[in-house]
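Structure, as structure tokens:
No value in this document is a laboratory result; all are computed from the given coordinates. For clarity, every value in this text was computed on a predicted model and none was experimentally measured. With ideal geometry, Cβ positions are generated from the backbone for all residues, glycine too; neighbour counts draw on all protein chains shown.
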Amino acid sequence: MSTFTPDDLRIALSSHLDTVVPPTSDLAGIRRQQRRNRARKLAFATVVTAAAAAVVIGAVLLVRPGASPSTDSTPDFVSPGTLDYSEGLRAYADPGRVLFLGGRSLPADDFAYLDTDAAATAYGMVFFDAGRPMLLREKGDTEALYDGAVEASQAFHPTAKADAHSADVAFAVMHDDQVTLVVRDLDADRMVASRPLDCADTCQDVVVDGIDHGVVFVRTGGGTYLWNVANDDWTRFAGAQTRVADVRNRVVLYDGSAPTLPLNAWRYVQGAVDAQLTFDGRHVLSWSPTLSPVSAADDPITLKAPGAIFFTFDTDGSVLAATAGDPTTFLDCEVPSGKCEKLGTVKVTGGDPMFLGNDM
């Protein structure tokens, strides 16, 4: 663990982050939200063959036979053809039957790895194959994001999170019971930084909870830590009773006990663990068409989405919404205007409607 004091980290972060111009308020969005309950995930997992997938902590993890450990960085995947990410990924599904991504409908059997554990980014969908992070790009090609040896493990659940304001994605991989954190620039297609963790018998508890302005929030069995990518500083952020729900534009949305580390450049906001922040950090989305303001100086944002009860953010900052009932209507709603566009109507047969790469 770093020997830096909280004041050392505050100074280091402020020096690094204060040089970054905050995004304008029209950048309202985020990815991941309200990961559906375990029962729905298990329903979706039934479409994946036993030789191709393992259910880990109630979620889907694709595993290829004989791929643990794996050094193969170019596995074969069915191409969906050219996709359109210009208006966000617009990724949603009828679990186990049909997926919708980038303006295309795809059979679930061929793309089972595009699930709620994937991470939607502006550059494509990040998912894991036998523990290896992969990226499905707009052209329909799939590439590995990490070339080192990795292994799939029933005990370790690999995670990835994308920065809303840069091309950086943070993820964790495992090999020989050692977890390595990696940040990769998806635009430049290069590794930005990596850090092995001395986690011993608790490596299975490592989760990447967020990345913002070059700081990665990493949850372990003993608490949450900050990895400052610029100087490789590693500092305790909060105890095990704190969960970072989301982090955007230097605003940390947390559940449980308040973070213990004072950071002058950041703001802490308490909320539900399955809530999300807009890209500008000014509003919270939490199972409602009304986005609550973080500050009393801002007004709530109301989506014009009657009947919608499922929500998440798309990669372009809009809100994806879905209605209850049969059939289900999927919508794409602008922020802050709240105006919604109908994406399609789907007879959902596999459980609750699903947002790929964005659910919590």
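Scanning residues 5 or more positions from M125 or on other chains, those with amide H under 5 Å from its amide H are L136, with H placed 1.01 Å from N in the peptide plane.
With R₀ fixed at 30 Å, the C-beta to C-beta distance from T82 to K347 puts the FRET efficiency at about 0.65. Exposure proxy for S292, S337: other Cβ atoms within 10 Å of each Cβ, ordered fewest to most, give S337, S292.
Fully extended, how many nm does the chain gain between V273 and R137 (0.36 nm per residue separation, minus their Cα-Cα distance)?
Using 0.36 nm per residue and subtracting the Cα-Cα distance, I get 46.0 nm.
Can you give me the Cα centroid spacing of the range 188-258 and the range 149-163 in angstrom? Cα centroid of the range 188-258 versus Cα centroid of the range 149-163: 14 Å apart.
From largest to smallest, the equivalent ellipsoid semi-axes obtained for the range 256-316 from the alpha-carbon gyration tensor read 24, 13, 11 Å. Spin-label model, K304 to A200: label points 7 Å out along the Cα-to-beta-carbon direction sit 5.9 nm apart. For the range 139-254, the alpha carbon positions stretch 42, 35, 26 Å along the principal axes, listed from largest to smallest.
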